[in-house]
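Read the structure below first, then the notes.
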Amino acid sequence: MFKNSLKSIYIYVVEEIIIKSLFALAMLVGIVGAVLPVLPGSTLAFGSLLLAKILNYSEMSWWIVGIFGFFTILGVVLDYIIPIATTKKMGGSKYGIWGLIIGLIVGIVFSPFGLVSIIIAPFLGAFIGELIYDRDNYKRALKAALGSVLGYGLTTVYSLVLAIAIFGTFFFTDLFGLIKASI
């Protein structure tokens, strides 16, 4: 009887470790997704945390989950506002924004050639888009393209930092129980 109890405890612990590791893996994919626009970044990391909490695989308080939720929603909103605002601030047009989006897609396709293609392709796309809009003004096109890439870069950094914070908190709180994240 004692042997069966130990076996049950062992199975429970292994199951818990495997499930929490799967949540952590999804959060790691979220970190990668913060840099690669094909994957959801901080949204995936937060969704994994929320699901872990709902299914009782997270010791984090609902307050902390709520704070991460707020910053995730803020990030989604900023993903739309900041690139447009920086492009407009630098004198850009809708053509530059569309060029940036097309450049992102091209950069992803050529991403096996390194992260450089994910940075250069959106810039070139925005620059070409601005030249289509106004082919005589190279300086304005260059400035607007820089604004587009700056906006994209700011939102990428925000999403990356948030996804790392979500993963790190889950990692230390739930995988290793090193800190108690409760209020």
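Just so it is clear, none of the values below were taken in a lab; they were calculated from the coordinates. Keep in mind that what you see is a predicted model, and the values were worked out from it rather than measured. Here Cβ is always computed from backbone atoms with ideal geometry, including for glycine, and neighbour counts include all displayed protein chains.
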When we measure straight from the Cα of Lys94, which aspartates and glutamates land under 14 angstrom away, once same-chain ones fewer than 8 places off are left out? Glu130, Asp134
Ile132/Leu154 FRET efficiency (R0 25 Å; Cβ-Cβ; nearest 0.05): 0.50
Taking R0 as 45 Å and r as the Cβ-Cβ distance between Val76 and Val14, the FRET efficiency 1/(1 + (r/R0)^6), rounded to the nearest 0.05, comes to 0.80
Among (1) 18.2; (2) 17.1; (3) 19.4, only one was calculated for this model; which label is it, if the read-out is Kirkwood radius over Cα pairs in Å? (1)
Potential extension, Ala85-Val32 segment - 0.36 nm per residue separation minus Cα distance: 16.6 nm
List the aspartates and glutamates whose Cα sits under 14 Å from the Cα of Lys20, skipping any in the same chain fewer than 8 residues away. Glu59, Asp174
Exposed-loop-free span, longest in the chain, where chymotrypsin sites (Phe, Trp or Tyr not before Pro) count as exposed if DSSP calls them loop and at most 15 other C-beta atoms lie within 10 Å: 1-109
Which order results if Leu51, Leu28 are arranged by neighbouring Cβ count within 10 Å, fewest first? Leu51, Leu28
